[in-house]
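Here is the structure we will look at.
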Amino acid sequence: DPSQRIDYEELEEGELTPETPGRPEQRPNWLEEFLDAQFFRTCVAHQRPRDQNETNIFCIECVRRICHHCLPHHALHDTLPVWKYESHNVVHLRDIQKHLDCCRVQSCSTNGFKAVFLNPRPPPENPNPLGSKCIKCGRSMETPYPYCSIACMVSKSTASAPPAEKEGSDVKCEEAPKEVEVRPRKSRRKGIPVRAALKCYISLKLGDP
């Protein structure tokens, strides 16, 4: 519905909430490489420059890590800058929201921007017993969000999923006739009834007319 579309470029940072509709949660083909990438490493193509040669940018078109010196070669590509928050990789919510709906992921504030963690973090030393928990990894959270990271949101849990039923198994069981219920119909035997023949035999023995 066009009336329900949201322009995330015009949204203020505080307006992105878990109830805000966003992009579909369909897993992009580059997402797995993005979550597994080792960011903030020295760029292989730009090892001499000492400034801004860390691979803290992800090119979606090339599905690879790049540094600031690589940006001129990726000017027409979609890129995602990655940041550090408490020694963990984060991405600005406004940037990732253009490609993946992350409104249900717990966010943090870094340099005035809302950001979400790429991968789950170790459990806190003093978890809040009254706080919420990530429904995937169980990490304690202060805010009532379902997931603590992007990886927890997109990962498919098969442990809690009910076993899949075999296709058409119930229908076949209901339609197949049971042998104990299907009984052949007895045909009536033509002739003299058994009771009448026995009565005539007794009468002849007793000599009755």
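The values are calculated or read from the model by the stated rules, or taken from the named source; none is laboratory data. Since the model is a prediction, treat every value here as computed from it, not as a measurement. No Cβ is skipped: glycine too gets one built from the backbone with ideal geometry, and neighbour counts run over all protein chains shown.
Looking only at residues in region 137-170 that are of a type in the set (Ser, Thr, Tyr) and outside any loop (DSSP other than H, G, I, E, B), which one is modelled with the highest pLDDT?
Step by step, filter region 137-170, then rank; the result is Tyr147.
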Taking region 65-75 and the residues there that are surrounded by fewer than 16 Cβ atoms within 10 Å (Cβ to Cβ) and either in contact (Cβ under 8 Å) with a residue 12 or more places away in the chain or acidic (Asp, Glu) (or both), the one that is nearest to Lys114 (Cα to Cα) would be Leu71
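Against the definition (aromatic (Phe, Trp, Tyr) and in contact (Cβ under 8 Å) with a residue 60 or more places away in the chain), how does Phe113 come out, yes or no?
Values: aromatic (Phe, Trp, Tyr): yes; in contact (Cβ under 8 Å) with a residue 60 or more places away in the chain: yes.
Criteria met by Phe113.
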If I ask for residues that are acidic (Asp, Glu) and part of a loop (DSSP other than H, G, I, E, B), which ones from region 40-59 would you list?
Asp51
